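Following: one structure in structure tokens, then a few remarks.
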Amino acid sequence: MDWGMRNRLSGIMRPDTGRCVMLAIDHGYFQGPTTGLERPGETVAPLLDHADALMLTRGVLRSAIDPGRRVPIVLRVSGGTSILKDDLSDEDLTVSIEDAIRLNASALALSIFVGGPHEKETLTNLARLCDDGLRYGIPVLAVTAVGKEMARDARYLGLATRIAAELGAQIVKTYFCEGFEKVVGGCPVPIVIAGGKKIEEREALTLAYSAVSAGASGVDMGRNIFQSKWPAQMIQAVRRIVQDGQTDAEAWEWFQASIGK
Ligand code: R5P
């Protein structure tokens, strides 16, 4: 791996822990103005000091994020569908490598839909993106997107994450599931977990703790942070688990004290 690639990766995954708290705010690329992200610049401003990386689209990056903020950017470069369609797997690449370089992206993110109607296109798009990334020293984060009908179990997620790594992704984002150790064990590159739909703060902290305890290299979490009534406290509590080695119970105690409960 060349110097540029390693340097970008170490900006995302803290070198001393090998872990990452990535804040995901890319939901609008197919969901439009997601609850909590109507004005993304205002939502993320108080959170960025606590994030190791920020995952978003180029449109929100250019329009809402101060270029003076020193936060590594994980740029969403796949899309082309919306929630109005039944089949969300019909994605293509939506950003050129030149624009990603212009934006100083630390990584490129793309969804793959293993088992979906457009499985092949999303996988070959991943392979092409990895070639572009390798050419310029930019890592690729593959998102294992799950179709409405698909089970989020260790067998399926183990298959999807391994394929992503085999095709060249340097980081894989997936969902936590029972038997997650098997998913991590079968994937030769770091895995981060998505938070998924908003759940109670206590549960979301347990999710983060269970994932890192089972070998995840951190989180790429969105709604469970920015849809919380206490987003700044929530991202700091998650950070305590991922980067400071606290248990979910310890982080929950801190969270409650910090919101005055
Ligand atoms: C999907 O819309 C995006 O890739 C999100 O970044 C991903 O699902 C993580 O966000 P959340 O924690 O809200 O699931």
### Query
within 17 Å of the chain's Cα centre (by Cα), at pLDDT 95 or above, away from the ligand (no atom under 14 Å from the Cβ) and assigned to a helix (DSSP H, G or I) - does that describe any residue in the stretch 167-178?
no
### Task
State all residues of the stretch 234-261 that are surrounded by 20 or more Cβ atoms within 10 Å (Cβ to Cβ), in contact with a Phe, Trp or Tyr (Cβ under 7 Å, 6 or more places away or on another chain) and more than 15 Å from Met22 (Cβ to Cβ); if no residue qualifies, say none.
Ala237, Arg240, Asp248
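Based on this model, can you work out whether Lys197 counts as charged (D, E, K, R), closer than 30 Å to Asp131 by Cβ and within 16 Å of the ligand (Cβ to nearest atom)? Spell out how you get there, then give the answer.
Values: charged (D, E, K, R): yes; closer than 30 Å to Asp131 by Cβ: no; within 16 Å of the ligand (Cβ to nearest atom): yes.
For Lys197, the condition - charged (D, E, K, R), closer than 30 Å to Asp131 by Cβ and within 16 Å of the ligand (Cβ to nearest atom) - is not met.
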## Note on the structure
The condition of being small (Gly, Ala, Ser), under 20 Å from Asn224 (Cα atoms) and more than 16 Å from the ligand (Cβ to nearest atom) holds, among Ala45, Ala127, Ala53, only for Ala45
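Report yes if some residue within the stretch 224-231 is crowded, with 23+ Cβ neighbours inside 10 Å and of a type outside the set (A, V, I, L, M); otherwise report no. Break it down into steps so the answer makes sense when it comes.
The initial filter retains those residues of the stretch 224-231 that are crowded, with 23+ Cβ neighbours inside 10 Å, namely 224-226.
Then drop every residue that is not of a type outside the set (A, V, I, L, M), which leaves 224, 226.
For the stretch 224-231, residues crowded, with 23+ Cβ neighbours inside 10 Å and of a type outside the set (A, V, I, L, M): present.
Residues are listed down the side, and each one gets a yes or a no for (1) in contact with a strand residue (DSSP E or B) (Cβ under 7 Å, 6 or more places away or on another chain); (2) of a type in the set (Asp, Glu):
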position	(1), (2)
Val189	yes, no
Arg202	no, no
Ala216	yes, no
Asp220	yes, yes
Arg223	no, no
Gly245	no, no
Gln256	no, no
Gly260	no, no
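The values are calculated or read from the model by the stated rules, or taken from the named source; none is laboratory data. The shown structure was predicted, so the numbers you read here are calculated from the model rather than taken from an experiment. Because the Cβ atoms are built from the backbone with ideal geometry, glycine has one as well, and the counts that use them run over all protein chains shown.
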